[in-house]
1. Can you pull out every residue in the stretch 41-82 that is under 16 Å from LYS15 (Cβ atoms) and in contact with a Lys or Arg (Cβ under 6 Å, 6 or more places away or on another chain)?
2. Quick check on the stretch 41-48. Is at least one of its residues surrounded by fewer than 12 Cβ atoms within 10 Å (Cβ to Cβ) and part of a helix (DSSP H, G or I)?
3. Identify, from the list SER123, SER106, SER135, SER80, the residue that is among the hydroxyl-bearing types (Ser, Thr, Tyr) and at pLDDT 95 or above.
4. Please pick out the residue among VAL34, VAL38, VAL88 that is at pLDDT 90 or above, out of contact with any strand residue (DSSP E or B) (no Cβ under 9 Å at 6 or more places or on another chain) and surrounded by 14 or more Cβ atoms within 10 Å (Cβ to Cβ).
5. Considering the stretch 50-77 alone, what residues qualify as being assigned to a loop (DSSP other than H, G, I, E, B) and loosely packed, with under 15 Cβ neighbours inside 10 Å?
6. Name the residues in the stretch 26-44 that are of a type in the set (A, V, I, L, M, F, W, C) and more than 12 Å from the chain's Cα centre (by Cα), would you?
7. Could you say which residue among GLU58, GLU23, GLU8 is over 14 Å from the mean Cα position of the chain (by Cα), on the phi < 0 side of the Ramachandran plot and modelled with pLDDT of 85 or more?
Amino acid sequence: MTPTFTTETRGSEYKSKQIAQDENAEVQSASNAVERTVAKSKKNAYKNDHWDLVDKAEKDQGYISTIRQEELPSELKGKSKTEIQKIVTQKSADRDKIQKEIEELSKKRQDFIDAEMKKRGSSDSDDLGKAIEKSVHELAKKNGYSL
């Protein structure tokens, strides 16, 4: 999970929802959890500037100078605007590093999956397309069709 600072007013609620959905993905399967993590790591596709302070500060460079203390998460309350900017900038850099690591690991994972599928050969592959095709053929045969 990437580092997140939330704005106090909406952030806690949205962060809780994110955590719940992450847990739901894990319950479904490890693969599902990985795919969710990869999707969330895509900077251009997954933005939460309506509740995440790091995203908001990246979108609106002047936002930190206008934020009110009551909107800040507890870990930033009482800090100067300069301190907040420095912390948010560091969190953004940390997030970028994590996103790059996820991207690299995702590529390695996909390369491994592709290699394993190639080793097994196309007849032994068990992907969704083949499963659907097999089901359609079985259903067609059962109903008197030949394909």
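1. TYR46, ASP49, TRP51, VAL54, ASP55, listed by residue number.
2. Our first condition is that a residue be surrounded by fewer than 12 Cβ atoms within 10 Å (Cβ to Cβ); within the stretch 41-48, this holds for 44-45.
Adding the requirement that they be part of a helix (DSSP H, G or I) leaves none.
The answer is no; no qualifying residue exists.
3. Working: SER123 fails: at pLDDT 95 or above; SER106 fails: at pLDDT 95 or above; SER135 fails: at pLDDT 95 or above.
Being among the hydroxyl-bearing types (Ser, Thr, Tyr) and at pLDDT 95 or above holds for just one of SER123, SER106, SER135, SER80, which is SER80.
4. Working: VAL34 fails: at pLDDT 90 or above; VAL38 fails: at pLDDT 90 or above.
On inspection, the qualifying residue turns out to be VAL88.
5. So in the stretch 50-77, the residues assigned to a loop (DSSP other than H, G, I, E, B) come out as 50-51, 60-62, 67-68, 72-73, 77.
Across the stretch 50-77, the qualifying residues are HIS50, ASP60, GLN61, GLY62, ARG68, LYS77.
6. The first filter runs over the stretch 26-44 and keeps only residues of a type in the set (A, V, I, L, M, F, W, C), leaving 27, 30, 33-34, 38-39.
Correct list: VAL27, ALA30.
7. Of the residues listed, the single one that is over 14 Å from the mean Cα position of the chain (by Cα), on the phi < 0 side of the Ramachandran plot and modelled with pLDDT of 85 or more is GLU58.
The values are calculated or read from the model by the stated rules, or taken from the named source; none is laboratory data. If you're wondering where the values come from, they're calculated on a predicted model, not measured in any experiment. With ideal geometry, Cβ positions are generated from the backbone for all residues, glycine too; neighbour counts draw on all protein chains shown.
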